[in-house]
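Reading through the structure tokens given below for one structure.
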Amino acid sequence: MAKVKTTFFCQNCGASSPKWIGKCPSCNEWNTYVEEVVQKEDKAKTTWREESIGRVAPKPKVLSEIHTTSERRLATNDQELNRVLGGGIVSGSLVLIGGEPGIGKSTLMLQLALGQKNTRVLYVSGEESQHQIKMRAERLGVPSDNCFVLAETNTQNIFTQVKEIQPEVLIIDSIQTLHTSRIESAAGSVSQVRESTGELMKFAKETNTPVFIVGHITKDGGLAGPKVLEHMVDTVLQFEGDRHLSYRILRTTKNRFGSTSELGIYEMSGTGLREVSNPSEILISQKEEDLSGVAIGATIEGNRPLLIEVQALVSAATYGTPQRSTTGFDAKRLNMLLAVLEKRGGLRVSAQDVFLNIAGGIKIEEPALDLTVCAAIVSSYHDISISDKVCFAAEVGLGGEIRGVNRIENRISEAEKLGFEEIYISKYNTKGLNVSDHQIRIKPFAKLIEVFEDLLG
Ligand code: TYD
Ligand code: MG
């Protein structure tokens, strides 16, 4: 009988301590320590590594002798996924997909599994039965002979099946349901999640098989279980979006094989996730008449220019303290812009309720949207609509000055491509910009007040 050892683990960051402590010294969270049984390694119970008999311990190699053929990329037929992965699935990589329950992680993974016609994919689910997966697959309507499904939570059993089926891609849904018999504690606990991920990592690296792991998200939006999970994997993708809206955004937050600023956009339909290749079209609402309080901004998310609609509603406050409410935009930034509008733009907004909404349920952190937000507010305040052929791309400073933004060329080109006729930018962005290259009229300004004079006449 192996000796039973218990340790306390912080459920937030994965730090361990031999004793219970109230405040985690590593992440400063309170009451996150939970006792977990960590049984001494039992040699009889095999893991991936111990099963790979006859394996030789790796020796150091000169870098030039290592062939890069091992970093083969498998292009999926999901262009959005390819993009966020940096150009396809890298063999031997471990990819973590995080997201709130019900956002569509399982759907995305099953769609990936079904879409690979010439690749053997094993989809392991600890949450649904084979029957339920079959029902979901039928809903997606893509038949495949190369997609194997397994409803199993024990890692040792999973590896036994993996050896039999020899999949070229392995999908685990979700890591919180996995259970390795090497450790006593319950599935979903820090030590279980860490151990299971470790085994999957060894498997991925040794067999050069890409592994996708689905992970749940905690109430505060972090990946459930430990931060250690994020350190262990090669790529972390976040699947986000408003559950009530149909758009979903797949964002890279870590990628050892590509850029972290990529973005994939999907729409959840009755038959699964649909790729949205031209997001600007969906993010700008098709309105019939001229509405005041609507302005369009040219933003950049990752490497991708996006034209986004900002809606503002300014109305006299009926109660003492005016309300300020935002969706998809930083509330503090809105307050700052309102102060600038009041002080430098001569707008009496201090006694007005202001509501701001970024259309499409998308969240924008870029300051390049400042001028668009100001324009939408001014438009609503005066009840004068802005033409839907006009867009904006500039930051607004505390002095009411219009500041330049990065990659202005990309923003202008995207706006032009989508048929906009005028773009308001900062005067400081015009250096090196060849205005005659563009069909779209570029309007450079230095002060907020000048923009409004031009806009509202
Ligand atoms: P799911 O992939 O189960 O989410 P997760 O694994 O992240 O918890 O997605 C569940 C939601 O997606 C559910 O509310 C139903 C919806 N859905 C559709 O709208 N269309 C579909 O074709 C499918 C399969 C799911
Ligand atoms: Mg799921």
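Each value in this text was obtained by applying a stated rule to the coordinates, not by laboratory testing. Since this is a predicted model, take the numbers as computed values, not measurements. Positions of Cβ are backbone-derived with ideal geometry, glycine not excepted, and every protein chain shown enters the neighbour counts.
Could you let me know the centre-to-centre spacing of the stretch 83-142 and the stretch 353-390, using Cα atoms, in angstrom?
The two parts, judged by their Cα centres, are 37 Å apart.
Report, to one decimal in Å, the Kirkwood hydrodynamic radius for the stretch 76-277 based on all distinct Cα pairs.
Value: 16.7 Å, from the Cα pair sum.
Once phi is turned into ³J(HN,Hα) by the Karplus curve 6.51 cos²θ - 1.76 cosθ + 1.60 with θ = phi - 60°, what whole-Hz value does each residue of the stretch 369-381 show in order, with x for glycine and proline?
8, 3, 5, 5, 4, 4, 5, 5, 5, 4, 4, 6, 4
Starting from the Cα of Glu289, move 7 Å in the Cα-to-Cβ direction to define the label point; list residues of the stretch 373-388 whose amide nitrogen is under 15 Å from there.
Only 383-386 fall inside the zone, counting backbone N under 15 Å.
At a temperature of 10 °C and a viscosity of 1.306 mPa s, determine how fast the stretch 227-276 diffuses translationally according to Stokes-Einstein, using the Kirkwood radius over alpha-carbon pairs as Rh; express D in µm²/s, rounded to the nearest whole number. Please list the in-between numbers first.
Numbers: Rh = 12.0 Å.
The calculation lands on 133 µm²/s.
So for the stretch 107-203, averaging the separation of alpha carbon pairs under 8 Å that are six or more residues apart and normalising by length, what relative contact order in percent results? Please report the intermediate quantities before stating the final value.
On the way: 144 pairs, mean separation 28.5, N = 97.
Once divided by the residue count of the stretch 107-203, the mean separation gives 29 percent.
At 7 Å along Cα-to-Cβ for each site, give me the label-to-label distance between Glu453 and Ala317 in nm.
3.1
When the C-alpha atoms of the chain are aligned to their principal axes, what extent does each axis show, in angstrom, from largest down?
Result, largest extent first: 83, 51, 50 Å.
Please say if the stretch 382-439 is rounded, prolate or oblate, where rounded means a/c under 1.5 for a ≥ b ≥ c the square roots of the C-alpha gyration tensor eigenvalues, and otherwise the choice is prolate for a/b larger than b/c and oblate otherwise? All intermediate terms of the calculation are to be shown ahead of the outcome.
Numbers: a/c = 2.23, a/b = 1.04, b/c = 2.15.
Note, shape of the stretch 382-439 comes out oblate.
Tally Lys/Arg at +1 and Asp/Glu at -1 over every other residue whose Cβ is under 12 Å from the Cβ of Asn410; what's the total?
Counting the neighbours of Asn410, the net charge comes to 0.
Run the quick spin-label model on Thr253 and Val37: label points 7 Å from Cα toward the beta carbon, then report their separation in nm to one decimal.
Label at Thr253, label at Val37, 3.3 nm between them.
For the chain, give me every cysteine whose Cβ has no other Cys Cβ within less than 4.7 Å, ordered by residue number.
If one checks each Cβ against the other cysteines of the chain, Cys147, Cys374, Cys391 turn up with nothing under 4.7 Å.
Subtract the Cα-Cα distance of Ala339 and Gln166 from 0.36 nm times their separation in residues, and report this length gain in nm to one decimal. Don't skip to the end; give the middle numbers.
Numbers: separation 173, 0.36 × 173 = 62.28 nm, distance 6.20 nm.
Fully extending the segment from Ala339 to Gln166 adds 56.1 nm.
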